[in-house]
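Down below is the structure, laid out as structure tokens.
The values are calculated or read from the model by the stated rules, or taken from the named source; none is laboratory data. Predicted model, so just to flag it, every value in this text is computed and none were measured. Every residue, glycine as well, gets a Cβ built from its backbone with ideal geometry; the counts of neighbours run over all protein chains shown.
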There are 2 protein chains.
Amino acid sequence: MIANLLADLPDASAGEVFTELLERPGIRIERIVSRGQSTPEDEPMVQDWDEWVLLLEGAAGIRIEDSAVVALAPGDHLLIEKGQKHWVAWTAKDRATVWLAVHLG
Amino acid sequence: MIANLLADLPDASAGEVFTELLERPGIRIERIVSRGQSTPEDEPMVQDWDEWVLLLEGAAGIRIEDSAVVALAPGDHLLIEKGQKHWVAWTAKDRATVWLAVHLG
């Protein structure tokens, strides 16, 4: 079965849309579609597992712990380690931003 | 550390280029860059683990077991199950084709 991650994107204006693509013991692959959302400064995301993230489309800024905000373009990928506070500082407001997230463990 | 999967692509004219992005027990994420390669008809690929594949850029045709060749465009993804014979029937000759492969187990 072939499916496409970038076609017929859901409208994420009212909230990010999470779509699970694959789940196995110790691994979960999901697509996240954002449109203008950001993480509140006083509510950083923190996870109890490592997460590998790849930006597929759109644009976003991400901040990890005390580092500066880094702008992400399609193809950019990074590992967010277990326990690291992180914020999506911004996502493009005028179009969808599509992330692939691989949750490890 | 931010890296980009689509920038400064290696020249794969002389052979596919495999780049490991992440390895953990039970999971390995790699980028594969192809340019015109295909799998010989009499040498199908078969793996002892499931593989989730996402086409990021370029174009390719894939065949699994006895099914017809299916053309893949950016964003297309599929699961190749353990033990399934599969062939990359073709990849674009005029530009790079970039795959993300997640090997499970």
Discussion item. I want to confirm something. Restricting to segment A:40-53 and keeping residues that are surrounded by 12 or more Cβ atoms within 10 Å (Cβ to Cβ) and among the hydrophobic types (A, V, I, L, M, F, W, C), which single residue is farthest from A:LYS93 (Cα to Cα)?
Written reply: A:TRP49
Worksheet item: Quick check, is A:LEU72 closer than 22 Å to A:ARG28 by Cβ, out of contact with any Cys (no Cβ under 8 Å at 6 or more places or on another chain) and touching a residue at least 24 places away in the same chain (Cβ under 8 Å)?
Response: no
Fill in: Selection within segment B:46-61 - over 10 Å from the mean Cα position of the chain (by Cα) and hydrophobic (A, V, I, L, M, F, W, C)
B:VAL46, B:TRP49, B:ALA59
Worksheet item: Looking at (1) over 11 Å from the mean Cα position of the chain (by Cα); (2) assigned to a loop (DSSP other than H, G, I, E, B); (3) surrounded by 13 or more Cβ atoms within 10 Å (Cβ to Cβ), which is the one condition that is false for A:GLY15?
Response: (3)
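With the requirement that a residue be closer than 22 Å to A:LEU21 by Cα and not in a loop (DSSP other than H, G, I, E, B), what does segment B:40-53 give you? Break it down stepwise before answering.
Here is the first cut: in segment B:40-53, the residues closer than 22 Å to A:LEU21 by Cα are B:47-53.
The answer is B:ASP50, B:GLU51, B:TRP52, B:VAL53.
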Worksheet item: Taking into account only those residues within segment A:18-39 that are in a loop (DSSP other than H, G, I, E, B) and at pLDDT 95 or above, which is surrounded by the most Cβ atoms within 10 Å (Cβ to Cβ)?
Response: A:ARG35
Response to the item:
Scanning segment A:1-26 for residues that are more than 7 Å from chain B (Cβ to nearest Cβ) and among the small types (Gly, Ala, Ser) gives A:ALA12, A:SER13, A:ALA14, A:GLY15
Worksheet item: When segment B:82-103 is examined, which residues are found to be over 14 Å from the mean Cα position of the chain (by Cα) and under 16 Å from A:LEU22 (Cβ atoms)?
Response: B:LYS82, B:GLN84
Worksheet entry | Of residues in segment A:54-105 being small (Gly, Ala, Ser) and assigned to a strand (DSSP E or B), the one surrounded by the fewest Cβ atoms within 10 Å (Cβ to Cβ) | A:ALA71
